[in-house]
Amino acid sequence: MMYRNRFIALTLSLAALHASAQSDFVEEREAMVQQIVQLAELTGRETGRPRFADHVIGALRAVPRHEFVPEQFRNAGAYRDSPLPIGSGQTISQPYIVALMTDLADAEPDSVVLEIGTGSGYQAAILAEFVDHVYTIEIYDELGRRAAETLERLDYDNVSVRIGDGYQGWPEFAPFDAILVTAAPETIPEPLIEQLRPGGRMVIPVGPEHAIQSLQVLEKTEQGGTRITDVLPVRFVPFLDEDSL
Ligand code: SAH
């Protein structure tokens, strides 16, 4: 009888363990990471980044993407390598693109990073895993509030979210070591170039709405000059201004 009870207890605890592993989506997340690693290799010749830095891969493993997607995608799609709708006509970017942009930014543990286009907050969380502080601006009030709530619930205390038009950047906290823009303007906003530290890098999709844009890296030289490299054709949601909301 005693053995039988012990057996039941053991079965129950294994079941509990299995359930918690499932709800954390560890396996799904690892499969997503492996897919991104492979895609990075395949596109490496074009992007110049066949192997993403360990801290980028570590962040992809750590951030629970299912917490950043709408309820109906939590169990299906959260860890697929594709963008998903998040409301207000916006999307959470494809994980491979998030990883590529993060890698291209070359941010480090002491970096202060500006992101334009908070959206779900996922990209901000990926950066917050290994940089010092992330400032992020979202033009849609509802998205910005929800992202701030998610980030707070998950204890990301090194992210500041602001609602507003990111065109003007966030001058109070400039200069930034890296700037990531996750919506596509037709030309790179001048205030963002100004707020980049000499030696810093901006990663930004540039091009017309509803067309193929170019993911660009803008490097600011120590002398304050700029050098722009085209990395990959991409398709992002347009960079909005308050009149177009
Ligand atoms: N980085 C986001 C991706 C969001 S898509 C994520 O990880 O989920 C791009 C976001 O940019 C959208 O939420 C959109 O509302 C926002 N956006 C577009 N133009 C903007 C602007 N001028 N200033 C701030 N945010 C902007």
Any idea which of (1) touching a residue at least 60 places away in the same chain (Cβ under 8 Å); (2) small (G, A, S); (3) over 19 Å from G144 (Cβ atoms) is the one S93 doesn't satisfy? (3)
Considering only residues of the stretch 131-149 that are small (G, A, S) and surrounded by fewer than 22 Cβ atoms within 10 Å (Cβ to Cβ), which is nearest to the ligand (Cβ to nearest atom)? G144
With more than 10 Å from the ligand (Cβ to nearest atom) and in contact (Cβ under 8 Å) with a residue 60 or more places away in the chain as the only criterion, which of I212, I179 stands out? I179
Based on what the data block shows, is Y156 closer than 21 Å to G121 by Cβ, assigned to a helix (DSSP H, G or I), in contact with a strand residue (DSSP E or B) (Cβ under 9 Å, 6 or more places away or on another chain) and not hydrophobic (A, V, I, L, M, F, W, C)? no
Close pairs (9 angstrom Cβ cut-off, 6 or more residues apart or separate chains): free of Cβ contacts under 8 Å to residues at least 40 places away in the same chain and polar (S, T, N, Q) in the stretch 229-245, within 11 Å of the ligand (Cβ to nearest atom) and in a strand (DSSP E or B) anywhere: S244/P238
Does the stretch 213-245 hold any residues that are outside any strand (DSSP E or B) and in contact with a helix residue (DSSP H, G or I) (Cβ under 8 Å, 6 or more places away or on another chain), and which are they? F239, D241
In the stretch 104-130, anything farther than 19 Å from I188 by Cα and either within 15 Å of the ligand (Cβ to nearest atom) or buried (at least 24 other Cβ atoms within 10 Å of the Cβ) (or both) is listed as A107, G119, S120, G121, Y122, Q123, A124, A125, I126, L127, A128, E129
Test each condition in (1) in contact with a helix residue (DSSP H, G or I) (Cβ under 6 Å, 6 or more places away or on another chain); (2) more than 11 Å from the ligand (Cβ to nearest atom); (3) in contact (Cβ under 8 Å) with a residue 60 or more places away in the chain for Y156 and report the one that comes out false. (3)
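Readers should treat all values here as calculations from the given coordinates under stated rules, not as data from a laboratory. Because the structure is predicted, anything quoted here is derived from the model rather than measured. Cβ coordinates were reconstructed from backbone atoms using ideal geometry, including for glycine residues, and neighbour counts include every protein chain displayed.
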